[in-house]
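The values are calculated or read from the model by the stated rules, or taken from the named source; none is laboratory data. Because the structure is a prediction, the values reported are computed rather than measured. Note that each Cβ is placed from the backbone with ideal geometry, even for glycine, and that neighbours are counted across all protein chains shown.
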Amino acid sequence: MHRPTLRQDVRTDVRTDGRVDMKDGARTAARTAVRAIATGIRDGARRVDTATPAHRDRAVDTLRAFAILGVVLGHWLVTALVADGGTLHTASPLQHMPWLAPISWVFQTLAVFFLVGGHVATKGYASARARGTTYGRWLRSRLARLFKPVAAVLTLWTLAVGGLLAAGADFGTVHTLVKLALSPLWFLLVFAGLTAATPLLTRLNPLWPLAVVLHVDLIRFGLGGPSWLGWVNVAAGWLVPYTLGAAWTRGELDRRRAGWVLLAGGAAATAGLVAWAGYPASMVGVPGAAVSNLDPPTTAAVTFGLAQCGLALLLRAPLRRITRRPLAWAAVALVNLSAMTIFLWHQTAMMATTATGLLAGRLPGLHTTPAGLSWVAARLLWLPAFVLVLAVCWAAFRVYEQGGRRSGGRRSQVVLVHNSGRTQAQATDRA
């Protein structure tokens, strides 16, 4: 039997060892890079955690983050842009599969946002008064943080609409896109109005606006009153969780009993209204439906919001425990730092992905009619793409929310939060 010579053995070993060494080196370098990234994230999270004031209620920020992300995911899951020839029109899986209505119960989280907003605004106004800050100065500061990011959205979509119409795009398609892109602005207008009225709302009992909602619905649906009367509930309906937030500030909701009463009472009332009063089961609007629970808000939407607020209040203690972990708290802080940017651009991210996808044809879950579970499965696969495009929008436009370089080249304290835990404490304490 032929045996290799010593020289052949040496050459084989050199070649084999070389390949092994190269593979081992690549693996070692990859592991080192991953460890370095993980270490950097942990160190940054610890700095943010250490710099956060001990008196800060982390549950408030966590609830706000959940509310924003719930709205974003809800829109991405129940809003479809269907390609029909050369046009796009909106559709919803809830329109074709009404048994999916419980999805809207999970992701329609606006009541929690208004609850937190009312709590933060009334607490912040009381603090401003104690410091001697005037109402006008306090209000300008609050509204500036809301509306600065809006300028970028309006500018981009004004240019986009002009470009689309000049290129001969179908007017119906352009109208659909603009309506989706700017739909988050109604929420900001309502929230800004309630913020401006905060001094008048600090002692208002939530039962008063709830009574208004009940009477408006009774006149509309029970007595055949005009449909336009429902728009009174745009203010009254969201005033209910906002004034609950004021009651939270006053310490009236500190006991767990309050949370259980709101959760049980709100859930029972909503179930009764859906089962026996004819209100839709979906807590979001469904194209083609005779009645929408959200546009304008109905009594069912408000009672459902009460249940959500009760659950939020019950979750405060567990959320405080969870966010004692530096990584969890750093993630919450990052979402809060970019809350308006995420909220304002998430629809644009979805539409940009949809428009880009048209270059490859009519894709399932992106351009097809949401009429079956196959569409739902395909849409779930598209969510990472939406997240990626939203991250690009965040990188491009977050400066309008967080501030940029000031005169002299010094960066805003809000932006420095990414590099310094000390400024994170300052930035989030003003949120």
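Can you tell me which residues in the stretch 205-260 are of a type in the set (D, E, K, R), over 30 Å from LEU315 (Cα atoms) and surrounded by fewer than 22 Cβ atoms within 10 Å (Cβ to Cβ)? It would help to see each step written out before you state the result.
Within the stretch 205-260, the subset of a type in the set (D, E, K, R) is 217, 220, 250, 252, 254-257.
Pick out the ones that are also over 30 Å from LEU315 (Cα atoms) and you get 217, 220.
Residue satisfying the conditions is ARG220 alone.
Out of the residues in the stretch 123-142 that are within 24 Å of the chain's Cα centre (by Cα) and of a type in the set (Gly, Ala, Ser), state the one that is surrounded by the fewest Cβ atoms within 10 Å (Cβ to Cβ). Spell out the reasoning first.
Just the residues of the stretch 123-142 that are within 24 Å of the chain's Cα centre (by Cα), to begin with: 123-124, 139-142.
Filter once more, keeping what is of a type in the set (Gly, Ala, Ser): 124, 141.
On the way: GLY124: 19, SER141: 13.
Selected residue: SER141.
For the structure I just gave you, tell me whether VAL291 is within 17 Å of GLN108 (Cα to Cα) and outside any helix (DSSP H, G or I).
Yes; evaluated as a whole, the condition is true for this residue.
Considering only the stretch 82-104, I want to know if a residue exists there that is on the phi < 0 side of the Ramachandran plot, modelled with pLDDT of 95 or more and among the β-branched types (Val, Ile, Thr). Quick ask: steps written out before the conclusion?
Quick first cut of the stretch 82-104, residues on the phi < 0 side of the Ramachandran plot only: 82-84, 86-104.
Next, only the ones that are modelled with pLDDT of 95 or more stay: none.
No, every residue in the stretch 82-104 fails to be on the phi < 0 side of the Ramachandran plot, modelled with pLDDT of 95 or more and among the β-branched types (Val, Ile, Thr).
State whether the residues of the stretch 159-177 include one that is charged (D, E, K, R) and closer than 30 Å to THR134 by Cβ. Break it down stepwise before answering.
At the first step, the residues of the stretch 159-177 found to be charged (D, E, K, R) are 170.
Filter once more, so that each one left must be closer than 30 Å to THR134 by Cβ: none.
The answer is no, given that none of the residues of the stretch 159-177 is charged (D, E, K, R) and closer than 30 Å to THR134 by Cβ.
Could you check GLY278 against (1) surrounded by 14 or more Cβ atoms within 10 Å (Cβ to Cβ); (2) in contact (Cβ under 8 Å) with a residue 24 or more places away in the chain; (3) not acidic (Asp, Glu) and say which number it fails?
So GLY278 meets the others, but not (1).
One line per residue, one yes/no per condition, for (1) within 17 Å of PRO102 (Cβ to Cβ); (2) not charged (D, E, K, R):
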position: ARG257; (1), (2): no, no
position: VAL261; (1), (2): no, yes
position: LEU273; (1), (2): yes, yes
position: ALA277; (1), (2): no, yes
position: GLY285; (1), (2): yes, yes
position: VAL291; (1), (2): no, yes
position: PRO297; (1), (2): no, yes
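Please name all residue pairs, on different chains or six or more residues apart, with Cβ atoms under 7 Å, provided the first residue is in the stretch 366-387 and is over 16 Å from THR353 (Cβ atoms) and in contact (Cβ under 8 Å) with a residue 60 or more places away in the chain and the second residue is of a type outside the set (A, V, I, L, M) and surrounded by 14 or more Cβ atoms within 10 Å (Cβ to Cβ).
Short answer, once both residue conditions are applied: ALA371/HIS96; VAL376/PRO93.
Looking at the stretch 281-297, which of its residues are of a type in the set (A, V, I, L, M, F, W, C) and surrounded by 14 or more Cβ atoms within 10 Å (Cβ to Cβ)?
First, the residues of the stretch 281-297 that are of a type in the set (A, V, I, L, M, F, W, C): 281, 283-284, 286, 289-291, 294.
ALA281, MET283, VAL284, VAL286, ALA289, VAL291, LEU294 - these are the residues of the stretch 281-297 that are of a type in the set (A, V, I, L, M, F, W, C) and surrounded by 14 or more Cβ atoms within 10 Å (Cβ to Cβ).
Do any residues in the stretch 238-263 that are farther than 23 Å from THR195 by Cα have Cβ atoms under 9 Å from those of residues that are among the acidic types (Asp, Glu) and assigned to a loop (DSSP other than H, G, I, E, B), where the two are at least six apart or on different chains, and which pairs are they?
ALA258/GLU252
Give just the number: which of (1) aliphatic (A, V, I, L, M); (2) in contact with a Phe, Trp or Tyr (Cβ under 9 Å, 6 or more places away or on another chain); (3) buried (at least 21 other Cβ atoms within 10 Å of the Cβ) does LEU337 not satisfy?
(2)
Would it be correct to say that GLY285 is farther than 29 Å from PHE147 by Cα and of a type outside the set (A, V, I, L, M)?
On the way: farther than 29 Å from PHE147 by Cα: no; of a type outside the set (A, V, I, L, M): yes.
No, not satisfied.
For the stretch 355-398, give me each residue that is assigned to a loop (DSSP other than H, G, I, E, B), modelled with pLDDT of 90 or more and either touching an Asp or Glu at 6+ places or on another chain (Cβ under 7 Å) or surrounded by fewer than 17 Cβ atoms within 10 Å (Cβ to Cβ) (or both).
Result: LEU363, PRO364, THR369, ALA371, GLY372.
With the requirement that a residue be under 19 Å from ALA151 (Cβ atoms) and of a type in the set (S, T, N, Q), what does the stretch 186-203 give you?
THR195
Determine if the stretch 179-186 includes at least one residue that is under 27 Å from LEU81 (Cβ atoms) and out of contact with any helix residue (DSSP H, G or I) (no Cβ under 9 Å at 6 or more places or on another chain). Explain how you work it out, then say what you get.
Applying the first criterion (under 27 Å from LEU81 (Cβ atoms)) to the stretch 179-186 yields 179-186.
Right, trim to out of contact with any helix residue (DSSP H, G or I) (no Cβ under 9 Å at 6 or more places or on another chain) and you get 179.
Within the stretch 179-186, one or more residues are under 27 Å from LEU81 (Cβ atoms) and out of contact with any helix residue (DSSP H, G or I) (no Cβ under 9 Å at 6 or more places or on another chain).
Conditions: (1) in a helix (DSSP H, G or I); (2) among the charged types (D, E, K, R); (3) in contact with a helix residue (DSSP H, G or I) (Cβ under 7 Å, 6 or more places away or on another chain). ASP43 meets all but one. Number of the miss?
(3)
Based on what the data block shows, is ALA307 farther than 26 Å from VAL399 by Cβ and crowded, with 23+ Cβ neighbours inside 10 Å? Give the steps one after another, and end with the answer.
Details: farther than 26 Å from VAL399 by Cβ: yes; crowded, with 23+ Cβ neighbours inside 10 Å: no.
Answer is no for this residue.
Would you mention how many residues in the stretch 93-122 are buried (at least 22 other Cβ atoms within 10 Å of the Cβ) and over 30 Å from ASN205 (Cα atoms)?
Counting residues in the stretch 93-122 that are buried (at least 22 other Cβ atoms within 10 Å of the Cβ) and over 30 Å from ASN205 (Cα atoms) gives 2.
Of the residues LEU177, LEU156, LEU164, LEU189, only one is of a type in the set (A, V, I, L, M), at pLDDT 90 or above and either buried (at least 16 other Cβ atoms within 10 Å of the Cβ) or in contact with a Phe, Trp or Tyr (Cβ under 6 Å, 6 or more places away or on another chain) (or both); which? Steps first, please.
On the way: LEU177 fails: at pLDDT 90 or above; LEU164 fails: at pLDDT 90 or above; LEU189 fails: either buried (at least 16 other Cβ atoms within 10 Å of the Cβ) or in contact with a Phe, Trp or Tyr (Cβ under 6 Å, 6 or more places away or on another chain) (or both).
On inspection, the qualifying residue turns out to be LEU156.
Just checking, which of VAL161, VAL106, VAL120 is among the aliphatic types (A, V, I, L, M), more than 24 Å from the chain's Cα centre (by Cα) and within 30 Å of ALA395 (Cα to Cα)? Let's see the steps before the verdict.
On the way: VAL106 fails: more than 24 Å from the chain's Cα centre (by Cα); VAL120 fails: more than 24 Å from the chain's Cα centre (by Cα).
Sole residue among the options that is among the aliphatic types (A, V, I, L, M), more than 24 Å from the chain's Cα centre (by Cα) and within 30 Å of ALA395 (Cα to Cα): VAL161.
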